[in-house]
Structure formats: C-alpha cells, structure tokens
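Student: Dumping the structure here so I can ask a few things about it.
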Amino acid sequence: MRTREQIISVMTNPGVIVIFRTDEIENVLPACEALVAGGITALEVTLTMPNALATLRDLSQKLSARAVIGAGSVTSVENCRAAIEAGAEFVVTPVMKPEIARAAHAANKPVVLGALTPTEAQLAHEAGADFVKIFPAEIYGARGIKTILGPLPHLKIIPTGAVDLDTIGDFLKAGCAACGVGSALVGTPVLKEKNWGSLTERAREFVSAVQKIR
C-alpha cells in the first residue's frame with residue numbers, strides 16, 4: 001500500500017491527472033490502459049458517473065500496480081469514505097469542504113479541495129489540503145493563476161477546466177503543481193470511437209509537453 005507521500009509523488013509526476021466524467025462506463029478500463037501505456041499514471045473517476053464505486057474498485061484491482069486511482073466530485077464525508085473503501089488513493093472535491101480533508105487524511109490519503117477565489121484557496125490550504133483545485137480554471141487562465149500565486153506562493157494548485165495540449169505548458173509555467181485534464185483526452189467521442197492506440201499517442205503528447213517545461 002502506498003503512503004500519502006508516495007501517492008502525491010505519482011500525482012505530480014508527470015503531473016497529468018485524467019478525469020473521467022462519462023456514461024461510457026464499459027470503455028473506462030480500456031481507456032485507462034491506453035493512458036497508462038502513454039505514460040499517464042494518475043486517473044480520476046468522478047462519483048457523478050453511473051456505478052462509480054464499482055468502476056473505482058475495478059480500476060484499483062487491475063491498475064493499482066501501474067497507476068494511482070482517485071475519486072472526484074466528492075461532496076461529503078460519507079462519499080469520501082466509500083470511495084476510499086472502494087480503492088480510491090486520492091480524493092478530489094469540487095468545493096471547499098474541510099471535513100473531507102480530515103476524512104481523507106484519517107485514511108492516509110491525499111486530498112484536493114476545490115476552490116475558486118484566492119480566499120477559498122487559502123482556506124483550503126489552511127484546512128490541510130495537499131492540493132487546491134482551481135475550478136473552473138478557464139475563469140483565470142494561466143496568467144490569472146500566476147497572479148494568485150504571487151501573494152500565495154505556498155499553494156499547490158491543480159487547475160481543472162481549460163487544460164489541453166495547447167495550455168498545459170502555460171499552466172505549469174505559471175507554477176501549478178499538476179493539471180487536471182478531462183475532455184481534451186477522454187471526452188465522450190474519444191471513448192465511443194475506442195481508438196485506444198490514438199489515445200495512447202495523445203497521452204504521450206501530453207507527457208512530452210510536461211517534460212519540456214520541467
């Protein structure tokens with residue numbers, strides 16, 4: 001079993017956290033296999049998906065040796081505990097809820113608390129968040145997040161929304177710890193097409209874009 005520190009290391013290296021929010025449940029596992037083959041090792045299953053806990057359990061059993069599997073859209077302590085019980089190694093919230101940080105840390109799992117404003121981001125940090133998820137990141141863009149980090153350089157920010165192959169480098173240059181990527185990699189059309197070889201190549205492009213910055 002990985003320690004909290006080891007999970008954080010995988011989440012930030014290379015620093016691409018792929019977020020699944022889809023009804024194409026049967027295609028999540030092969031998509032994850034394709035992403036891991038392309039060098040991406042942090043995968044997030046949102047609890048808004050049908051049968052999300054069962055999907056988490058399945059991915060954890062089959063991929064945990066090669067990737068960390070997390071739970072997203074966690075909005076309560078109960079959901080947090082259920083996700084961890086199902087195998088989630090990290091927990092992500094869309095909003096700032098300190099009690100979820102406490103529940104995740106009680107299980108020795110890192111937590112990403114959601115925030116939008118600088119005040120919320122600082123409060124998430126003070127609540128013990130390992131990372132602060134700025135969502136939706138398109139409101140700020142990379143330049144806006146760089147501005148936030150000016151007076152708050154201790155924040156470990158993960159932007160979600162507006163992150164694609166063209167922008168991920170800018171977010172990392174701005175000082176982000178990692179980036180959450182959703183539809184730019186695993187949108188519904190990609191999952192329906194089932195072109196896993198193409199997805200692996202796309203994953204490699206994201207990893208290469210990160211490596212050029214770091």
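The values are calculated or read from the model by the stated rules, or taken from the named source; none is laboratory data. These figures come from a predicted structure and were not determined experimentally. Here the Cβ is made from the backbone with ideal geometry for all residues, glycine too, and neighbour counts use every protein chain on show.
Student: May I ask you to say which residue of Leu185, Leu172 is among the hydrophobic types (A, V, I, L, M, F, W, C), closer than 25 Å to Ala115 by Cα, modelled with pLDDT of 95 or more and in contact with a Leu (Cβ under 8 Å, 6 or more places away or on another chain)?
Tutor: The unique qualifying residue is Leu185.
Student: Right, something else. Could you list, in sequence order, the residues of segment 21-38 that are outside any helix (DSSP H, G or I) and farther than 14 Å from Leu199 by Cα?
Tutor: Selection gives Arg21, Thr22, Asp23, Glu24.
Student: Moving on to the next point. I need the full set of residues from segment 182-214 which are over 19 Å from Glu26 (Cβ atoms), part of a helix (DSSP H, G or I) and among the basic types (Lys, Arg), in order please.
Tutor: Arg202, Arg204, Lys212
Student: Continuing with the same structure: If you go through segment 102-142, how many residues are within 16 Å of the chain's Cα centre (by Cα), hydrophobic (A, V, I, L, M, F, W, C) and under 15 Å from Cys179 (Cβ atoms)?
Tutor: 6
Student: Select, from Lys146, Lys133, Lys97, Lys109, the only residue that is basic (Lys, Arg) and farther than 18 Å from Thr75 by Cβ.
Tutor: Lys146
Student: With the structure loaded, tell me whether Leu152 is touching an Asp or Glu at 6+ places or on another chain (Cβ under 7 Å), at pLDDT 95 or above and not in a helix (DSSP H, G or I) or whether it fails that test.
Tutor: no
Student: Suppose the filter is without any contact (Cβ under 8 Å) to a residue 60 or more places away in the chain and of a type in the set (Gly, Ala, Ser); does Ala101 pass it?
Tutor: yes
Student: So Ile213 ticks every box in (1) touching a Lys or Arg at 6+ places or on another chain (Cβ under 9 Å); (2) within 19 Å of Gly70 (Cβ to Cβ) but one. Which box is left unticked?
Tutor: (2)
Student: Starting from segment 107-118, take each residue that is touching a residue at least 40 places away in the same chain (Cβ under 8 Å) and list its partners that are crowded, with 24+ Cβ neighbours inside 10 Å and part of a helix (DSSP H, G or I), counting only C-beta distances under 8 angstrom and pairs at least six apart or across chains.
Tutor: Pro110/Met11; Pro110/Ala104
Student: List the residue pairs whose Cβ atoms are under 9 Å apart, where the first residue sits in segment 39-53 and is farther than 22 Å from Thr12 by Cα and outside any helix (DSSP H, G or I), the second is among the basic types (Lys, Arg) and at pLDDT 95 or above, and the two are 6 or more positions apart or on different chains.
Tutor: Once the first residue is farther than 22 Å from Thr12 by Cα and outside any helix (DSSP H, G or I) and sits in segment 39-53, its partners that are among the basic types (Lys, Arg) and at pLDDT 95 or above give Thr48/Arg21; Met49/Arg21.
Student: Any residue in segment 165-193 that is under 22 Å from Arg21 (Cα atoms) sitting within a Cβ distance under 6 Å of a residue that is modelled with pLDDT under 95 and acidic (Asp, Glu)? List the pairs, counting only those 6 or more apart or interchain.
Tutor: Leu191/Glu24
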